[in-house]
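Asks: The structure that follows is given in the form of structure tokens.
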Amino acid sequence: MRELAFQAIDVAKMLGAEYADIRIIDDATENISVKNGIQNVSRGMDIGFGVRVIVDGAWGYAASPKLTKDEIEKTTKLAVEIAKASATLKKEPVRLAYEPPHRDKWNSTYIIDPFKVPLEKKLDLLLTVDKILRSDERIVVASGELSFWREHQLFVSSEGAEIEQTHLRSGGGYSATAVDRKTGEIQTRSYPGVQGDQYMQLGWEAIESYDYIGNAERVRDEAIALLSAEPCPTGEMDIIIDGNQLALQIHESLGHPSELDRVLGMEANYAGTSFLTTEKLGNFKYGSDIVNIVADGTAPGGLATIGYDDDGVRSQRWFLVKDGIFSGYLTNRELAHTIGEERSRGANRADGWRSIPMIRMTNISLMPGTWNLDDLIVDTKDGIFVSTNKSWSIDQHRLNFQFTTEIGWLIENGKLTKMIKNPTYQGITPQFWNSCDAICDDKHWMLWGVPNCGKGQPGQRAEMSHGAAPARFRKIKVGL
Ligand SMILES: [Zn+2]
């Protein structure tokens with residue numbers, strides 16, 4: 001494999017490339033699902049490489065699944081041709097921020113290899129949950145899944161970098177959908193993640209750290225109870241948002257808008273550009289003084305935790321929002337200079353060997369505050385508590401948003417009272433984060449995985465985690 005990697009670099013240099021890198025990736029996946037008792041198991045292996053070059057100041061990229069000497073040569077030549085064609089259209093030559101050429105091996109940590117856990121054990125877990133969920137006839141759909149992914153990547157660059165990394169990610173979850181046949185009402189509850197599934201960069205122990213079976217009755221009963229729950233009140237209210245919902249709030253209202261390629265107008269797909277324009281860096285009051293949001297490519301168990309990104313840049317931890325002030329962007333080697341930074345933040349990642357890397361979110365987390373959740377509820381006179389994302393929408397600048405969660409409860413005189421269905425809240429990003437007046441402490445804080453973030457055209461998938469504890473926001477528009 002190493003030889004093939006160095007061959008690509010040699011060929012690229014011979015053909016006049018100013019810079020070249022290659023990523024050779026092989027991965028293995030296992031997906032197990034049970035839907036209304038029906039089992040499905042799929043396993044996959046994938047291997048391939050992608051060569052990225054700069055010729056005459058422009059990028060070229062080509063990829064292939066065939067790991068042979070001939071194919072390396074052919075694919076590298078193609079990447080060079082593409083770069084030459086792109087160079088005729090370029091406005092400015094690509095400028096890469098300095099990065100020392102790292103030579104390193106990096107493996108994500110885990111305790112139990114999920115690929116060695118017997119299939120029967122995995123199916124048993126899902127079937128036991130399925131049986132509990134469907135023990136009431138009002139549950140019409142019960143579905144659960146477990147998913148495991150190991151990715152091995154060799155990165156070699158013309159600058160002398162040689163980095164080998166292995167990532168192991170595990171996750172799963174389940175949901176129950178209840179139907180009231182008389183009214184046609186449909187309600188779903190899920191466990192344990194942001195939208196049902198929870199993924200971490202760990203082994204089988206990630207699955208075992210959750211009580212799948214112990215929560216199944218509650219999930220079933222809540223789905224059924226939601227059928228006859230009261231609707232969400234309307235108006236302005238104080239709202240306590242659970243960590244699993246806040247994770248997606250962070251993702252959509254800070255993660256995507258702080259991607260520097262969006263900010264510069266180079267990327268506009270999937271709810272597009274960004275209101276966080278560059279003159280705001282270091283002075284814009286994004287949130288209240290207690291809002292501290294950190295980007296962290298080193299967070300233990302985070303889905304975007306890496307040794308090095310696909311530019312060969314070492315992973316880092318930095319503030320996006322510090323004491324409420326917007327303080328940093330997600331950058332790569334190509335764009336760091338556009339905001340006057342000399343080094344990349346290491347947020348360039350590709351979806352496998354087929355895709356060219358682009359700026360992707362690393363793990364982005366709201367730092368814990370000082371509150372205990374029970375005390376925070378007692379301190380809230382009139383409001384709602386909402387949990388687990390159901391749907392969301394956000395405008396092209398990532399300013400106006402609306403979220404719906406699976407479940408909520410009224411808070412009346414400091415007590416959680418009635419369950420409410422289809423809780424919705426809406427806001428304008430900076431106003432919303434400026435209304436945050438309480439964040440729960442580290443005992444309530446955890447990393448929530450987002451395994452399917454989409455970006456780019458053609459679309460690329462990426463995964464990342466968001467740490468959050470429940471937090472309170474004052475006078476938020478709720479209901480429709
Ligand atoms: Zn996303």
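The values are calculated or read from the model by the stated rules, or taken from the named source; none is laboratory data. Quick caveat, the model's predicted, so the values are computed rather than measured. Cβ atoms come from the backbone with ideal geometry, glycine included; neighbour counts cover every protein chain shown. Note: accessible area is taken over every heavy atom of the protein model, side chains too, but ligands, DNA and RNA are not part of it. Shrake-Rupley method; radii C 1.70, N 1.55, O 1.52, S 1.80 Å.
Asks: Of the residues I240, I293, which single one is among the β-branched types (V, I, T), in contact (Cβ under 8 Å) with a residue 24 or more places away in the chain and away from the ligand (no atom under 16 Å from the Cβ)?
Replies: I240
Matching residues to (1) in contact (Cβ under 8 Å) with a residue 40 or more places away in the chain; (2) under 23 Å from the mean Cα position of the chain (by Cα); (3) more than 30 Å from R52 (Cα to Cα); (4) not assigned by TED's automatic domain parsing to the domain that holds N244:
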site: P114; (1), (2), (3), (4): yes, yes, yes, yes
site: L125; (1), (2), (3), (4): yes, no, yes, yes
site: I132; (1), (2), (3), (4): yes, no, yes, yes
site: I139; (1), (2), (3), (4): yes, no, yes, yes
site: S143; (1), (2), (3), (4): yes, yes, yes, yes
site: E159; (1), (2), (3), (4): yes, no, no, yes
site: G171; (1), (2), (3), (4): yes, yes, yes, yes
site: Q195; (1), (2), (3), (4): yes, yes, yes, yes
site: M200; (1), (2), (3), (4): yes, yes, no, yes
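Asks: If you go through the stretch 261-274 one residue at a time, do you hit one that is open to solvent by 10 Å² or more (accessible area, probe 1.4 Å), within 16 Å of the ligand (Cβ to nearest atom), within 28 Å of Y174 (Cβ to Cβ) and outside the structural domain of Q195 (by TED's automatic domain parsing)?
Replies: Scanning the stretch 261-274, I find at least one residue that is open to solvent by 10 Å² or more (accessible area, probe 1.4 Å), within 16 Å of the ligand (Cβ to nearest atom), within 28 Å of Y174 (Cβ to Cβ) and outside the structural domain of Q195 (by TED's automatic domain parsing), so the answer is yes.
Asks: Is it the case, given these coordinates, that L202 is open to solvent by 10 Å² or more (accessible area, probe 1.4 Å), out of contact with any helix residue (DSSP H, G or I) (no Cβ under 7 Å at 6 or more places or on another chain) and more than 26 Å from M464 (Cα to Cα)? Full working, then the answer.
Replies: Numbers: open to solvent by 10 Å² or more (accessible area, probe 1.4 Å): yes; out of contact with any helix residue (DSSP H, G or I) (no Cβ under 7 Å at 6 or more places or on another chain): yes; more than 26 Å from M464 (Cα to Cα): no.
It is false that L202 is open to solvent by 10 Å² or more (accessible area, probe 1.4 Å), out of contact with any helix residue (DSSP H, G or I) (no Cβ under 7 Å at 6 or more places or on another chain) and more than 26 Å from M464 (Cα to Cα).
Asks: Of the residues I224, I213, which single one is surrounded by fewer than 16 Cβ atoms within 10 Å (Cβ to Cβ), β-branched (V, I, T) and away from the ligand (no atom under 15 Å from the Cβ)?
Replies: Numbers: I224 fails: surrounded by fewer than 16 Cβ atoms within 10 Å (Cβ to Cβ).
Unique residue meeting the criteria: I213.
Every residue, every condition in (1) away from the ligand (no atom under 16 Å from the Cβ); (2) charged (D, E, K, R), yes or no:
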{"site": "R349", "(1), (2)": "no, yes"}
{"site": "W353", "(1), (2)": "yes, no"}
{"site": "D382", "(1), (2)": "yes, yes"}
{"site": "S391", "(1), (2)": "no, no"}
{"site": "D395", "(1), (2)": "no, yes"}
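Asks: Right, next: Anything in the stretch 340-369 that is within 17 Å of Y308 (Cα to Cα), more than 16 Å from the chain's Cα centre (by Cα) and among the charged types (D, E, K, R)? List them, or say none.
Replies: Answer for the stretch 340-369, where residues must be within 17 Å of Y308 (Cα to Cα), more than 16 Å from the chain's Cα centre (by Cα) and among the charged types (D, E, K, R): R343, R345.
Asks: Of all residues being open to solvent by 40 Å² or more (accessible area, probe 1.4 Å) and among the hydrophobic types (A, V, I, L, M, F, W, C) in the stretch 144-194, which is farthest from D221 (Cα to Cα)? Just the residue, please.
Replies: Among residues in the stretch 144-194 that are open to solvent by 40 Å² or more (accessible area, probe 1.4 Å) and among the hydrophobic types (A, V, I, L, M, F, W, C), the one farthest from D221 (Cα to Cα) is W149.
Asks: Being in the same structural domain as S344 (by TED's automatic domain parsing) and either in contact with a helix residue (DSSP H, G or I) (Cβ under 7 Å, 6 or more places away or on another chain) or among the β-branched types (V, I, T) (or both), is that true of even one residue in the stretch 241-249?
Replies: yes
Asks: Do we have D197 as open to solvent by less than 50 Å² (accessible area, probe 1.4 Å) and touching a Gly at 6+ places or on another chain (Cβ under 8 Å) here? Quick ask: steps written out before the conclusion?
Replies: Numbers: open to solvent by less than 50 Å² (accessible area, probe 1.4 Å): yes; touching a Gly at 6+ places or on another chain (Cβ under 8 Å): yes.
Here the answer is yes, as D197 does meet what is asked.
Asks: Just to be sure, is S465 within 16 Å of the ligand (Cβ to nearest atom) and at pLDDT 95 or above?
Replies: Yes: the conditions hold for S465.
Asks: Which one is surrounded by the most Cβ atoms within 10 Å (Cβ to Cβ) among residues in the stretch 416-445 that are charged (D, E, K, R) and over 18 Å from K475 (Cα atoms)?
Replies: Per the criteria, the residue is K421.
Yes/no per residue for (1) touching a Gly at 6+ places or on another chain (Cβ under 8 Å); (2) over 30 Å from Y199 (Cβ atoms); (3) in a strand (DSSP E or B):
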residue: A17; (1), (2), (3): no, yes, no
residue: I22; (1), (2), (3): yes, no, yes
residue: G44; (1), (2), (3): no, no, yes
residue: V53; (1), (2), (3): yes, yes, yes
residue: D70; (1), (2), (3): no, yes, no
residue: V80; (1), (2), (3): yes, yes, no
residue: W106; (1), (2), (3): yes, no, yes
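Asks: When only residues in the stretch 437-454 that are part of a strand (DSSP E or B) and touching a helix residue (DSSP H, G or I) at 6+ places or on another chain (Cβ under 8 Å) count, which is farthest from the ligand (Cβ to nearest atom)? Quick ask: steps written out before the conclusion?
Replies: Our first condition is that a residue be part of a strand (DSSP E or B); within the stretch 437-454, this holds for 437-440, 446-454.
Right, trim to touching a helix residue (DSSP H, G or I) at 6+ places or on another chain (Cβ under 8 Å) and you get 438, 440, 446, 448, 450, 453.
Values: A438: 27, C440: 24, M446: 19, W448: 13, V450: 7, C453: 3 Å.
Per the stated criteria, the residue is A438.
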